[in-house]
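Contents: one structure, followed by commentary.
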Amino acid sequence: MYISHLWERQCLCCCVNSVSLSIPLPHSLSVSGIIAKELSSLEQEIQELRASGTTLSSEPEFEMADIMYFCRRGVESIVDDEVTKRFSAQELESWNLLTRSNFNARHISLRLSVLWGLGLFIRYSFLLPLRVTLAASGIGLLVVLTTIVGFIPSGWTYLSEKIHLMSYRICVRSLTAIITYHNSENKPKNGGICVANHTTPIDVIILANDGCYSMVGQIHGGLIGVVQRAMVKSSPHIWFERSEVKDRHLVAERLSNHVADKTKHPILIFPEGTCINNTSVMMFKKGSFEIGCTVYPVAIKYDPRFGDAFWNSSKFGMVNYLLRMMSSWAIVCSVWYLPPMSREEGEDAVQFANRVKAAIATQGGLVDLLWDGGLKRGKVKNTFKEEQQKLYSKSSINATGWPLK
Amino acid sequence: MGSRASTLLREEEIEEIKKETGFSHSQITRLYSRFTSLDKGENGTLSREDFQRIPELAINPLGDRIINAFFPEGEDQVNFRGFMRTLAHFRPIEDNEKNKDPIASEPLNSRSNKLLFAFRLYDLDRDDKISRDELLQVLRMMVGVNISDEQLGSIADRTIQEADQNGDNSISFNEFIKVLEKVDVEQKMSIRFLH
């Protein structure tokens, strides 16, 4: 099975490369951005504005031209900002024959349309049914076998590990996920927490394919709830009721207890709290970094040429998303296990979280952002605006010793 | 398996926008992409909420004023033409920009139009004068709570005194231009759009 996948991957790579050569890439279409932003600070810019102004005094005073700085920054952020583009799928340089990746509706020649039609046929009539069958059997087996194992009182750890691994492997095959694991010597060990950047719920399957983890999450109803309840019968996952999720102390307590027990598997947590489109890593919530145990960072990077793995939860439901995944070419990704980190002396949880985040971002080639992933749905806090106002007042307006007229 | 951008930009529209604003073909399509990504309601227009969803704009002290500049008098929605027309003010001025049509009106990104854009950020009621109150409002937005009312008042008074020439205690557009005559407006109010 492994060899057939290698072969499949080579074929797909060849196809994509040859296709991308034949698409005339419009010379003007640069994916690196619409504008080139000035990287100077507020103080610098206001000084430059003042230098050409009419004031003779050496002390900083308000000038009418000052608004130009805020004005330009504002319009720059309207044209291109760092945050909103992280919540929608990444744009590709060359087309990968999936309609869903075809932004800007660029001109498609006849030859390309034929290739696309062929690809469509292969994907939907051959790959998709095969994958759906595999997925169904994988999940079915997981539920049935874990329930059975739950009835066996002893020797359950060994069996349950095998069952989990097997089911995840079937699920991974069903998505045709071609995963390369790097630095396996750093794989998370019992009594620690594994943190990773979050792009899609499939992240869980990709990591669990290579090792056993305890999941943390909210207990759902429906099919997912059935799976969750079955899983917990054979190995200790941490599922919370909806009401308990808000209680941070309760959450921290359960996590600490789990981690203290060395026979239990490492906990898998995604500190961003929401799915980001795999071009950047956003703010890590400090909760998991306060517990004080070893943290095993993991970086996951998907190759967007074969299929876009990002789950845009405001656009697609789960079923729709899975169907899209199964009708892409493949999910190709790299997983890097980074060396374990612990909180250092004099470092608080937030600094520790940022340090881990920087390490993951560097390894995965992602942009390290300080913005909160929660901005996908919520508004930004006013404190940031107040900081800007304070900075402007301090550096640009000398409000004391005002010359009286 | 639907396709994106159900309302694609027609070639004639792109040509019209090109003539009116001076943006290139590829810049217009890139900006149209951006416009549609901001348009969460997918109805071809942007509302004030669509702009406020941009975090970097929401934390800008003059964010609301800038958003206002995009909307024509009394309207709550801006379409792509209006969006481009406003952005055109920030196109850099090219030295060799020949005006092909000798009787055409001044380009949107001329120095004078850039200054007019800045002027309108102050002049909220659009009566072509910046009154003391309007100046105070903008000052308050920029400094937040960090400066007291009296100090802010004296800053406003000084500014008006220095700029006012006809003694009506407010700043007209011509007086505004005079105050800013030494400022490099072309550079400060321009954004480098990539080709």
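The values are calculated or read from the model by the stated rules, or taken from the named source; none is laboratory data. All of these numbers come straight from a predicted model, not from anything done at the bench. Here Cβ is always computed from backbone atoms with ideal geometry, including for glycine, and neighbour counts include all displayed protein chains. Just the protein is used for accessible areas: all its heavy atoms, side chains included, with ligands, DNA and RNA removed. Shrake-Rupley method; radii C 1.70, N 1.55, O 1.52, S 1.80 Å.
Remarks
- Conditions (1) open to solvent by 10 Å² or more (accessible area, probe 1.4 Å); (2) modelled with pLDDT of 85 or more; (3) more than 23 Å from B:Leu9 (Cα to Cα); (4) of a type outside the set (Phe, Trp, Tyr); number of the one not met by B:Asn96: (2)
- Pairs with Cβ under 6 Å, 6+ apart, first in region A:169-196 and open to solvent by less than 10 Å² (accessible area, probe 1.4 Å), second among the polar types (S, T, N, Q): A:Val172/A:Asn209; A:Gly192/A:Thr294; A:Ile193/A:Ser288
- Only one entry of A:Ser288, A:Ser395 meets the criterion of being part of a helix (DSSP H, G or I), touching an Asp or Glu at 6+ places or on another chain (Cβ under 7 Å) and modelled with pLDDT under 85, and that entry is A:Ser395.
Let's see how each residue does on (1) in contact with a strand residue (DSSP E or B) (Cβ under 6 Å, 6 or more places away or on another chain); (2) of a type outside the set (Phe, Trp, Tyr); (3) surrounded by 13 or more Cβ atoms within 10 Å (Cβ to Cβ); (4) modelled with pLDDT of 90 or more:
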{"position": "B:Asn166", "(1), (2), (3), (4)": "no, yes, no, no"}
{"position": "B:Asn169", "(1), (2), (3), (4)": "no, yes, no, no"}
{"position": "B:Phe176", "(1), (2), (3), (4)": "no, no, yes, yes"}
{"position": "B:Asp184", "(1), (2), (3), (4)": "no, yes, yes, no"}
{"position": "B:Lys188", "(1), (2), (3), (4)": "no, yes, yes, no"}
{"position": "B:Phe193", "(1), (2), (3), (4)": "yes, no, yes, no"}
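- Condition check for A:Thr133: of a type in the set (Ser, Thr, Tyr), at pLDDT below 85 and open to solvent by 50 Å² or more (accessible area, probe 1.4 Å): no
- Restricting region B:43-54 to residues that are outside any helix (DSSP H, G or I) and away from chain A (no Cβ under 11 Å), the residue that is most open to solvent (accessible area, probe 1.4 Å): B:Asn43
- Just so you know, in region A:147-158 the residues that are part of a helix (DSSP H, G or I) and open to solvent by 70 Å² or more (accessible area, probe 1.4 Å) include one that is nearest to A:Ile331 (Cα to Cα), and it is A:Tyr158.
- Among (1) open to solvent by less than 50 Å² (accessible area, probe 1.4 Å); (2) closer than 22 Å to A:Lys189 by Cα, the one test that A:Asp303 misses: (2)
- If the condition is being surrounded by 20 or more Cβ atoms within 10 Å (Cβ to Cβ) and among the polar types (S, T, N, Q), then region A:311-356 contributes only A:Ser328.
- Any hit, region A:268-279, residues being within 29 Å of A:Val380 (Cα to Cα), touching a Leu at 6+ places or on another chain (Cβ under 6 Å) and open to solvent by 20 Å² or more (accessible area, probe 1.4 Å): no
- Cross-chain or 6+ apart pairs with Cβ under 7 Å, region B:24-35 first and more than 7 Å from every other protein chain (Cβ to nearest Cβ), then open to solvent by 30 Å² or more (accessible area, probe 1.4 Å) and in a helix (DSSP H, G or I): B:His25/B:Lys18; B:Ile28/B:Lys18
- Per-region count, region B:176-195, residues over 18 Å from A:Lys37 (Cβ atoms), more than 7 Å from every other protein chain (Cβ to nearest Cβ) and not hydrophobic (A, V, I, L, M, F, W, C): 2
- Filtered by the rule that a residue be more than 7 Å from every other protein chain (Cβ to nearest Cβ) and of a type in the set (Val, Ile, Thr), region B:139-175 gives B:Val145, B:Ile160, B:Ile171.
- Unmet criterion (only one of (1) away from every other protein chain (no Cβ under 14 Å); (2) buried (at least 22 other Cβ atoms within 10 Å of the Cβ); (3) farther than 30 Å from A:Thr133 by Cα; (4) not aliphatic (A, V, I, L, M)) for A:Ser396: (1)
- Of the criteria (1) open to solvent by 20 Å² or more (accessible area, probe 1.4 Å); (2) within 11 Å of chain B (Cβ to nearest Cβ); (3) at pLDDT 85 or above, which one A:Asn104 fails: (3)
- Test: residue in region B:112-134 that is within 30 Å of B:Glu16 (Cβ to Cβ), at pLDDT 90 or above and of a type in the set (Lys, Arg): yes
- Within region A:31-51, considering residues that are open to solvent by less than 30 Å² (accessible area, probe 1.4 Å) and either at the interface with chain B (Cβ under 7 Å from one of its Cβ atoms) or farther than 19 Å from B:Ala156 by Cα (or both), the one modelled with the lowest pLDDT: A:Gly33
- In region B:118-156, residue nearest to the chain's Cα centre (by Cα) [restricted to those that are farther than 26 Å from A:Glu386 by Cβ and open to solvent by 10 Å² or more (accessible area, probe 1.4 Å)]: B:Arg126
- Qualifying residue in region A:283-295 (condition: within 14 Å of chain B (Cβ to nearest Cβ) and crowded, with 16+ Cβ neighbours inside 10 Å): yes
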